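Structure first, then comments.
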Amino acid sequence: MILVIGAISSLLPFYWLFISSLKRPAEILGRITTWWPNNPNFMNFVNALDFLRPSVPRAIVNSVIVTGSYTVLLLLCSSLTAYVLAKYMFRGGRLVFWIIISTMMLPGIITLIPSVMLMLWLGWLDTYWALIIPGAVNAFSVFLLRQYMITIPDEILDAARLYGCSEFGLFWRIMLPLCKPALASVGLINFVWNWNDLLWPLIVLRGNQDMWTMQLGLMGLWDVRGSLPALNLVAACTVYATLPLIILSLITSKYLIKAWTGLTYAKR
Amino acid sequence: MVEVRLENLTKVFGKNVVAVDNVSLHIKDKEFIVLLGPSGCGKTTTLRCIAGLESPTSGNIYIGDRLVNDVSEKDRDVAMVFQTFALWPHMKVKDNITFPLKMHKVPKNEISRRLKETAELLKMPHLLDRVPGQLSGGEAQRVALGRAIIRNPKVFLLDEPLANLDAKLRVHMRVEIRKLQENLGVTTICVTHDQVEAMAMADRIAVMHQGKIRQLGTALDLYDKPEDLFVAGFIGSPPMNFIDCTYEEEKKALISETLSLEIPKNLGKEIKENATSSEVILGVRPQDISLHEKQTPNSIGAEVYAMEPLGSEAIVDLKLGEMILKAVAPPTYRTRPGDTAWIIFDMNRIHILDKKTEKAIV
């Protein structure tokens, strides 16, 4: 029962967004709440495409490039770090791990200004680098992946080592495929986080609209028209913005269920 | 094929955890040797040192004539079957088996040929397209063996290979493993804590305890002539009965609180010559105690404490004073707790150990 309530409350905002995208503006703002549009207008999705131009299609491309590269790079860097921390004994290894973990305690806002100054110093403002590189390793992902990796028996790696696999081969051929559920969760969490991020792109991209990501594009809808935009079209645009996340969640759901029902490796 | 030699092998973990303590062992070509001992005795660490998965703190390891201390695990030409089989769950059986060949860049047609050969040898051609999750314990075991033998290794290392199988399959697989080893003629070192497994498979057994080899010999050597208290107690099921005694030379008898046992003159002479004092331990295997319903000369009266009818035999627990002795009786033997049984020790098969040094005297 609790799960049903949880599921309904999670899905409700999406449902509300979807029906709003099918309504007419007056119906959205009307006093009577309707749980299904009186006259569902699917043309809103076609009109939204016109409404989006010119900034948003470019923003979608930017978001795909930025979030895609960010996620791939993050998975690679975080899993390599996690692998070393989980499976290699070296002097100071535990200390390194705790230092990484302690950075999770810092609120992001504290590191915001130093990070922006660093971007400025590197000359990365108004570039993709500023959106991709700074978050490419994060403590949360390293922690999650490390915890998963330490549950993978050492014997599995020892066997590969004994039969001629190189150290990088162990990571690439054995460890990564076995970590698919953890990688899927970490990837999805970070993809969503990066896709939805508004503050960081807003700061590091300053006013350069060509570099805007999806969230900046959606925010820009309010300014471009100079007046309150049609809410049904904003809702339709937001559906477009959410669509990649939903598709990705569906693709990775098999691994997500495995990962979230106990983030440990189980003998399969 | 090759010999394996360990010379004063020592492995210390951290500052003072001595896992393997100055072990020297010569394993002959094509020999099947078992390292037997309880958990934590250092047998798996010894095996891992031979495999190259642990580096020795001191001592030398030779495979053939080559000193391999500094040779990486993949270049030692050894294959290992792990206790959990350590199959890679994301790969099909055929990929698991051929992995060692792929890593050594063996040509594709040669890989296919050897895969076919190995699959037929281990009777598993039908399993090749499955993944490990779809295999039973016995099938997974065979895949692990296949992966180990496909490269024709010089030395075969087995780490508790039967521990993850059910009792029935274990009996079957120990014969299979022994047959396979004989057919391939590979020098094999196996680790187990199960003495029955060790005795069934090994040419020779090295009993390990606290990082040291306590005794090396054939199964019958260990059973009949244990050299110390640990081996005497570890080998044999049910374990040997031990009774603390004092040897009284005038009476030519072993005396304890509840027992006075006359012993042959030659045993007395050996005790006198070899024991550090008159304090000794009498060891009697349960199989060497015969039970009688009526008192006979030299028999000792004991109260029946419990009985376990096992079908092929019956194990009878006997109370002698405060001590419990175990005896093995024929399956037809009938008794009830509280009855008196008259027991006779087979004097030709008793063991006498020095209480102080715990070494066997007789």
Fill in the blank from the handout: Condition set in contact with a Gly (Cβ under 6 Å, 6 or more places away or on another chain) and among the aliphatic types (A, V, I, L, M), scope the range B:2-58, selection surrounded by the fewest Cβ atoms within 10 Å (Cβ to Cβ): answer is B:V18
Exercise for the section: Out of the residues in the range B:101-157 that are more than 13 Å from every other protein chain (Cβ to nearest Cβ) and among the small types (G, A, S), state the one that is surrounded by the most Cβ atoms within 10 Å (Cβ to Cβ). Expected result: B:A119
Practice task
Among the numbered conditions (1) touching a residue at least 60 places away in the same chain (Cβ under 8 Å); (2) within 11 Å of chain B (Cβ to nearest Cβ); (3) outside any helix (DSSP H, G or I), tell me where A:D126 comes up short.
Solution key: (2)
Practice task
Would you confirm whether any residue within the range B:104-114 is under 28 Å from the mean Cα position of the chain (by Cα), assigned by TED's automatic domain parsing to the domain that holds B:L135 and under 30 Å from A:L178 (Cβ atoms)?
Solution key: no
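Quick one: is B:E250 free of Cβ contacts under 8 Å to residues at least 60 places away in the same chain, over 20 Å from B:F345 (Cα atoms) and part of a loop (DSSP other than H, G, I, E, B)?
Judged against the criteria, B:E250 is a match.
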Problem - Where A:P37 falls short, out of the listed (1) part of a helix (DSSP H, G or I); (2) surrounded by 12 or more Cβ atoms within 10 Å (Cβ to Cβ) - result: (1)
Problem - Any hit, the range A:67-79, residues being closer than 30 Å to A:P177 by Cβ, out of contact with any Pro (no Cβ under 8 Å at 6 or more places or on another chain) and not in a helix (DSSP H, G or I) - result: no
Completion exercise
Residue hits (the range A:179-212; over 18 Å from A:C77 (Cβ atoms), among the aliphatic types (A, V, I, L, M) and surrounded by fewer than 21 Cβ atoms within 10 Å (Cβ to Cβ)) are A:V192, A:L198, A:L199, A:L202, A:I203
Fill in the blank from the handout: Across (1) under 28 Å from A:W98 (Cα atoms); (2) surrounded by 17 or more Cβ atoms within 10 Å (Cβ to Cβ), A:P114 clears everything bar (2)
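Determine whether A:M149 is more than 14 Å from chain B (Cβ to nearest Cβ), under 26 Å from the mean Cα position of the chain (by Cα) and more than 30 Å from A:I113 (Cβ to Cβ).
yes
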Practice task
Tell me, yes or no, whether the range B:6-29 has at least one residue that is assigned by TED's automatic domain parsing to the domain that holds B:D203, in contact (Cβ under 8 Å) with a residue 24 or more places away in the chain and in a loop (DSSP other than H, G, I, E, B).
Solution key: yes
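Yes/no matrix, rows are residues, columns are (1) of a type in the set (G, A, S); (2) outside any strand (DSSP E or B):
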{"site": "B:L216", "(1), (2)": "no, no"}
{"site": "B:G233", "(1), (2)": "yes, yes"}
{"site": "B:P239", "(1), (2)": "no, yes"}
{"site": "B:C245", "(1), (2)": "no, no"}
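With the structure loaded, tell me whether B:P238 is within 14 Å of chain A (Cβ to nearest Cβ) and either surrounded by fewer than 19 Cβ atoms within 10 Å (Cβ to Cβ) or in contact (Cβ under 8 Å) with a residue 60 or more places away in the chain (or both) or whether it fails that test. Spell out the reasoning first.
Values: within 14 Å of chain A (Cβ to nearest Cβ): no; either surrounded by fewer than 19 Cβ atoms within 10 Å (Cβ to Cβ) or in contact (Cβ under 8 Å) with a residue 60 or more places away in the chain (or both): yes.
Judged against the criteria, B:P238 is not a match.
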Practice task
Kindly check whether there is at least one residue in the range B:328-341 that is in a loop (DSSP other than H, G, I, E, B) and at pLDDT 95 or above.
Solution key: no
Exercise for the section: Report the residue count in the range A:161-207 for those that are within 14 Å of chain B (Cβ to nearest Cβ), hydrophobic (A, V, I, L, M, F, W, C) and either more than 25 Å from A:F143 (Cβ to Cβ) or not in a helix (DSSP H, G or I) (or both). Expected result: 3
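Kindly check whether there is at least one residue in the range B:164-183 that is within 30 Å of B:E110 (Cβ to Cβ), outside any helix (DSSP H, G or I), away from every other protein chain (no Cβ under 14 Å) and out of contact with any His (no Cβ under 8 Å at 6 or more places or on another chain).
no
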Problem - the range B:45-94, residues that are more than 10 Å from every other protein chain (Cβ to nearest Cβ) and part of a helix (DSSP H, G or I) - result: B:T45, B:T46, B:L47, B:C49, B:I50, B:V93, B:K94
Practice task
Might you check whether a residue that is of a type in the set (V, I, T) and in contact with a Gly (Cβ under 8 Å, 6 or more places away or on another chain) occurs anywhere in the range B:149-163?
Solution key: no
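The values are calculated or read from the model by the stated rules, or taken from the named source; none is laboratory data. The structure displayed is predicted, hence computed values, not measured ones. Reconstructed Cβ throughout: ideal geometry from the backbone, glycine too, with neighbour counts over all protein chains shown.
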